[in-house]
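Single-structure report; data block below.
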Amino acid sequence: MKNKKRRGLIGVLLALAMIAAACGGNDDDGNGGNPAPASATEAPAEAEPGPGSPAPETESEEAAPAEPAPGIGDAPETEEPVFEPAPTEEPAPEIPLTATWRGVTADTITIGVTYLDIDQLVELGFSPATWGDQELMIQALADDVNERGGINGRQLEVVMDKYSPIGATEAG
């Protein structure tokens, strides 16, 4: 019974010793807790007074910083610059809109949109619910762009087509 108590006591003491070692000083700076040596150009640090030694007396008056003699190192005084706003540029002349690419004319941009035939997927049991009227949503987005002036003044025209992802006959 005594051996079990001794082993338990030794284990607790070892655990406490490891905790105490882990909580020890910070050796990250690599000097092992010793202060860094003063360089030759630094003045030696004054020793801090101990609890029994008297505190050093401080000077009652501080020395005023020396002011440079007039005329030495003085830069000529200059006036501060006056803020002037940058000149405004004339707006660039508008470039005439022309047909530049397939589906783009001077007045319109035609875009093609394909979407899933979600109704067929619901009928076949591949989807639990529909996503609403997709054509209506796509047209509403195009109408919103058109109400805001279109794209560079051109109105959007949407061409829509739905497709079925099931089977290869319609994909083509």
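Among the residues of the stretch 134-169, those identified as open to solvent by less than 90 Å² (accessible area, probe 1.4 Å), over 14 Å from V113 (Cα atoms) and without any contact (Cβ under 8 Å) to a residue 24 or more places away in the chain are D143, D144, V145, N146, G149, G167, A168.
Residues in the stretch 97-123 that are in a loop (DSSP other than H, G, I, E, B), out of contact with any strand residue (DSSP E or B) (no Cβ under 8 Å at 6 or more places or on another chain) and open to solvent by 100 Å² or more (accessible area, probe 1.4 Å): R102 alone. Does I138 satisfy the criteria of being of a type in the set (V, I, T) and assigned to a loop (DSSP other than H, G, I, E, B)? Answer is no for this residue. Evaluate the stretch 96-106: report whether one residue or more is at pLDDT 75 or above and more than 28 Å from G150 (Cα to Cα). No: the stretch 96-106 contains no residue that is at pLDDT 75 or above and more than 28 Å from G150 (Cα to Cα).
Could you tell me how many of the residues in the stretch 121-140 are within 21 Å of V159 (Cα to Cα) and over 37 Å from the mean Cα position of the chain (by Cα)?
Matching residues across the stretch 121-140 total 4.
The values are calculated or read from the model by the stated rules, or taken from the named source; none is laboratory data. Everything numeric in this text was worked out from a predicted model, so none of it was measured. FYI the Cβ positions are ideal-geometry reconstructions off the backbone, even for glycines, and counts take in every protein chain you see. Please note that ligands, DNA and RNA were not included when accessible areas were found on the heavy atoms of the full protein model with its side chains. Shrake-Rupley method; radii C 1.70, N 1.55, O 1.52, S 1.80 Å.
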